[in-house]
Amino acid sequence: NKLALKNLSRLEPKPAALIPELLKMLNDLDPIKRKLACQTLGTFKDLPKEIVPELTKALHDSDQNVIDSAIDALGHFGKHSLEAVPQIKKILKKGDAQSKISAAVALARIDSKGAQDMEPLIELLQDHSALHRENVVLALRHFPQYAAMTVPALAKAALGDPDEIVGISAAEAIGSMF
């Protein structure tokens, strides 16, 4: 039941007994269940070692929403997800715009050397989709440690993006970094 799964993800503290069932759901035929399993696994604070390898396998899923959810979940585990970095970097290079955004954010959370992973994200500020550009801006605002690299690109977006919402969001992102 998808609604039950969403409700389980809100439980605090997370019952560890859920993990085996959630891991099984990563192989379910229903991509929505696989996506929800990734999202729920990403909310566990006490990381059992079997979660990261299984979420890393989910990066090869046939459904893009599952892949994006696995990327996000791995990002939440920070340095515990270092083994997933090579796969996430492949997605950063070859994924669609939304996957690249998720991958760059996850890499920055996983690896303190994430400044190099901000470059593809900054490049997406030139994407043809205003929604993608806005998502990039919203992602960049969460990484003030990279302000020296991101503020010039955000300033350019604030002053020159053809979409007013993107421009306003970029200005707000700059303000939130300082």
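General observations
- Each part reduced to its alpha carbon centroid, region 28-80 and region 161-178 end up 30 Å apart.
- When Phe77, Phe178 are compared by accessible area of protein heavy atoms, the largest-first order is Phe178, Phe77, using a 1.4 Å probe.
- Taking every alpha-carbon pair under 8 Å whose residues sit at least 6 apart, the chain reaches a relative contact order of 13 percent.
- Measuring between alpha carbons in the structure, the pairs from Lys24/Lys93; Lys35/Lys79; Lys79/Lys100; Lys57/Lys93 lying more than 27 angstrom apart are Lys24/Lys93.
- Here's the picture: charge each Lys and Arg Cβ at +1 and each Asp and Glu Cβ at -1 in the chain, and of Gln98, Ala84, Val151 the one pushed furthest to the positive end of that dipole is Ala84.
- With the highest mean first, a sort of the peptides 98-104, 144-150, 47-53 on other beta-carbon atoms found within 10 angstrom per residue produces 98-104, 144-150, 47-53.
- Using a probe of 1.4 angstrom and keeping all protein chains present, the accessible surface of region 91-170 works out to 49 square angstrom per residue.
- Overall, the chain carries a charge dipole of about 460 debye about its Cα centre when +1 sits on the Cβ of Lys and Arg and -1 on the Cβ of Asp and Glu, all other atoms neutral.
- For region 12-112: rounded, prolate or oblate by the Cα gyration tensor [a/c cutoff 1.5]: oblate
- Zone residues, region 79-102, relative to Lys57, backbone N less than 16 Å from point 7 Å out along Cα-to-Cβ: 84
- Annotation: extensible slack from Lys156 through Gln116 equals 12.4 nm (criterion: 0.36 nm per residue apart, minus Cα-Cα distance).
- Interchain or long-range residues, amide H under 5 Å from Gly95's placed H: none
- Segment Leu131-Glu50, extension gain: residue separation times 0.36 nm, minus the distance between their alpha carbons: 25.7 nm
- Scattering from region 63-123 was approximated by placing one identical point on each alpha carbon and applying the Debye formula without solvent; log10 I(q)/I(0) at 0.20 1/Å stands at -0.61.
- Subtracting the Cα-Cα distance of Ala148 and Lys90 from 0.36 nm times their residue separation leaves 18.3 nm of extension gain.
- Percent accessible area from carbon and sulfur atoms, the chain, protein chains only, probe 1.4 Å: 56
The values are calculated or read from the model by the stated rules, or taken from the named source; none is laboratory data. Everything numeric here is computed off the predicted structure, so don't read it as measured data. Backbone-built Cβ (ideal geometry, glycine too); neighbour counts: all protein chains shown. Heads up: the accessible areas ignore ligands, DNA and RNA and are worked out on the full protein's heavy atoms, side chains in. Shrake-Rupley method; radii C 1.70, N 1.55, O 1.52, S 1.80 Å.
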